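Since the structure comes first, as structure tokens, the remarks are kept for the end.
Nothing in this text is a laboratory measurement; each read-out follows from the coordinates by a stated rule. Quantities reported herein were computed from a predicted structural model and do not represent experimental measurements. Backbone-built Cβ (ideal geometry, glycine too); neighbour counts: all protein chains shown.
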Amino acid sequence: MRRPLLSSIIMATLAGSALASTQAMAYGEGDIYTRVGIAKVSPDSDNGSLMGGTMETDVHDDNGFAFTLGYRFHDKFGVELLAAEPFEHDVDLNVGGQSIGADVEHLPPTLTLQYYPMGGTQARVQPYVGLGVNYTHFSDEDIDLAGADLDLDESWGWAGQAGVDLLIDEHWAFNMAVWYLDIDSDVDLNGEDIGEIDVDPYVVMGGISYRF
């Protein structure tokens, strides 16, 4: 009698451990997480023109540290905030066959509402998409013209996102994500409005994710 009872206890214990392990891997409601990595900001190839169309603009790429903080309020839905260190972009201003150098820093915090099609399951591959809003603050604008003052206004625009987590265990995952940010800024030179620059970058980030 004891051996069947002991076997039943052992089997129940193993089953309970397996269930606990499965529940620990569950990916969904209540998760609080952060994603950390290196991001590349690649502005659109056509950044528009200034000075009534006589000055073409070309904004260069930059790389930097970025991170996100997110919360899943439903198995399949969550919100995430993207933050980063300031990105610095070299800018070429081309007019009359000559190029004038400039540079600018910006911070692009972005909030997205996300959808996880595999949320609530134990799938180790967890893709997601998001849609939200971006705010960009420009600073440290500089232009290679003696005595000239360059200023870019803050920008509000929409944002789109896609990404995937490749789960390692109940806490850690590899992450890859890409955002498209609608960033358009009015440009002032010596206090005079000279037009609008369209940055409109793709932000590609690779790194790790941690669930608390």
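Observations on the model:
- Asp62, Asp165, Asp186 arranged by Cβ crowding within 10 Å, fewest neighbours leading: Asp186, Asp62, Asp165
- Only helices enter the 222 nm calculation for the chain: every DSSP H run of n ≥ 4 contributes -39,500 (n - 2.57), and dividing by all residues gives -4000 deg cm²/dmol, rounded to 500.
- Taking 7 Å steps out from each Cα toward its Cβ at Phe73 and Ser139 produces label points 3.0 nm apart.
- As a rough footprinting exposure proxy, the listed residues Ile194, Ile168 were ranked by other beta carbons within 10 Å of their own, and the order from fewest upward is Ile168, Ile194.
- On full extension, the segment bounded by Glu56 and Glu192 gains 47.2 nm, given 0.36 nm per residue less the C-alpha separation.
- Candidate values (1) -0.33, -0.68; (2) -0.38, -0.75; (3) -0.39, -0.69, label of the one derived for log10 I(q)/I(0) by the Debye sum over Cα atoms at q = 0.08, 0.12 Å⁻¹: (3)
- Net length available on complete extension from Ile208 to Asp44 is 56.4 nm, with 0.36 nm assigned per residue and the Cα-Cα distance removed.
- Here r is the Cβ-Cβ distance between Asn94 and Val125 and R0 is 41 Å; the resulting FRET efficiency, rounded to 0.05, is 0.35.
- Prolate is the label for region 45-137. Its Cα gyration tensor axes, ordered a ≥ b ≥ c, give a/c of at least 1.5 and a/b above b/c.
- For Trp179, Trp156, Trp172, order by how many other beta-carbon atoms lie within 10 Å, fewest first: Trp156, Trp172, Trp179
- Helix axis angle, 2-25 relative to the chain longest principal axis, alpha carbon, degrees: 10
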